[in-house]
Amino acid sequence: MVPGLECQSHAAHGAPLDAPPLLFVHGAYCAAWVWEEYFLPWFAQRGWNATAISLEGHGDSRGHAWLAALGIDDFARNVHAVVKTMPRPPVLIGHSMGGFVVQRYLEIHRQHPPAGVALMASVPPFGINASAWRMLTTAPDLLAALNLFQANEHYHPDIDQAQRLLFSADVDRERLRDWVRRFQPESMRAIFDLSMISLFPVSHLPAVPALVLGAANDQLIAPHEVVATACRLGVTAEILPDMAHLMMLDTRWETAAAQVEGWLQREFVTVVTSSD
C-alpha cells in the first residue's frame, strides 16, 4: 500500500459490510504479525476489510537501520501514510504503544480524522513511567529482562518471563515459543517519548467514536491507566477479565475481538429492518 511499509491485509469474505475499513496498529517490540495470527482473518470472516501496519523499523518495513531515532510522531506519520491510501477513513485499532500512536495521530492529523478508534491496553496519556515504576517494585526481574532485550537484539527474554509479563498462565506454550522468537527491540526514541510525555499537559483530542479496553491481569497497563485513556476520549473504560496484556494473542483473544466487533457493529453498521 505504501512503499517501504509492510501492510498485511485480509479482504472481507463475501459481500463486505458497508462500513469503514479497519487499520490495526501494533505495540512495542512486535509488528503486524500480532494481528495476523488471529484478528485479521477473524474480522475478515465477519465482513470487515482488515489491514495491519508494521510501523517503520518493525517487521518487514523499512527503517531497521535507523530504528533508534524513530519517535512516536514518526509512527503516527506512518499510520497517516496508510490512511491516505484507503478508500474511506478507517477505524484505527491500536494496542499498547500503538494505542498511544493512535492518540498522537488524533492530535497531529486533525484534518484527516479516522472514522473511530479502538484502543486495547493502550499506553495512557501520561506515558509509561508509572508502569516502569510498578514493575520495578513488583517484578524487577522482568524489568531487567526487558531492559536487556532493549539493549541487545541478540538477547530474548525466556519463555517463562514473556508469559509472566504478557500472557495468561494457560496460553499455548508452543505458540508462545514462536511468538517470543519474533519479538524485536524497540526504538529508544519512542521509549524516550513515552517516558517524557508526563512532563507536558495532556491535550484535548477531537471527538470521534471510541472504545477503550483493558485487561484485568495486565502487568504493564493497570486498570486505572485504562480509565485515564478512556476519560481522555470521553468514554467509559471496559476491563476484560481473565486476560493479560497481549490481548490479541492471549488465550481468550476471541473475547477481546468480539468486544471490538460488537462496538463496530453498533457504531458503523446500519441494520435495516423490514415492516409489514
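Listed values, structure above:
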| read-out | value |
| --- | --- |
| Normalised per residue, the volume of the convex hull around the Cα set of the chain (Å³) | 136 Å³ |
| Cα long-axis angle, helix 140-151 against the chain (0 to 90 degrees, to the nearest 10) | 80 degrees |
| Accessible-area value, residue 51, 1.4 Å probe, nucleic acids and ligands omitted, Å² | 10 Å² |
| Order by protection proxy (mean Cβ within 10 Å, highest first), peptides 70-81, 106-117 | 70-81, 106-117 |
| Electrostatic dipole magnitude of region 71-111 [Cβ: Lys, Arg +1; Asp, Glu -1; Cα centre; debye, to 20] | 180 debye |
| Under Karplus coefficients 6.51, -1.76 and 1.60, residue-wise ³J(HN,Hα) of region 23-40 in Hz, glycine/proline x | 10, 9, 10, 6, x, 5, 6, 9, 7, 4, 4, 5, 8, 5, 4, 10, 5, 4 |
| For region 68-113, average projected area of the Cα convex hull in nm² | 3.3 nm² |
| For region 192-265: rounded, prolate or oblate by the Cα gyration tensor [a/c cutoff 1.5] | oblate |
| Phi-based couplings in Hz for region 248-257 (Karplus 6.51, -1.76, 1.60; Gly and Pro marked x) | 7, 10, 5, 3, 9, 4, 5, 4, 5, 4 |
| Size of electric dipole in region 168-227: Cβ of Lys, Arg +1 and of Asp, Glu -1, about Cα centre, debye, nearest 20 | 200 debye |
| Rounded to 10°, Cα long-axis angle of helix 97-108 versus longest principal axis of the chain | 60 degrees |
| Percent accessible area from carbon and sulfur atoms, region 166-208, protein chains only, probe 1.4 Å | 61 percent |
| Per-peptide average of other Cβ atoms within 10 Å, ordering 18-26, 39-47 highest first | 18-26, 39-47 |
| Cα radius of gyration and Dmax for region 1-95 (Å) | 13.1, 43 |
| Net charge dipole size for region 1-119 [Lys, Arg +1 and Asp, Glu -1 on Cβ; Debye, nearest 20] | 280 debye |
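The values are calculated or read from the model by the stated rules, or taken from the named source; none is laboratory data. Note that the coordinates shown come from a computational prediction; the quantities given were computed from them, not determined experimentally. Counting neighbours? That spans all protein chains shown, and the Cβs are built from the backbone with ideal geometry, glycine included. SASA here: full protein model, heavy atoms, side chains in, ligands and nucleic acids out. Shrake-Rupley method; radii C 1.70, N 1.55, O 1.52, S 1.80 Å.
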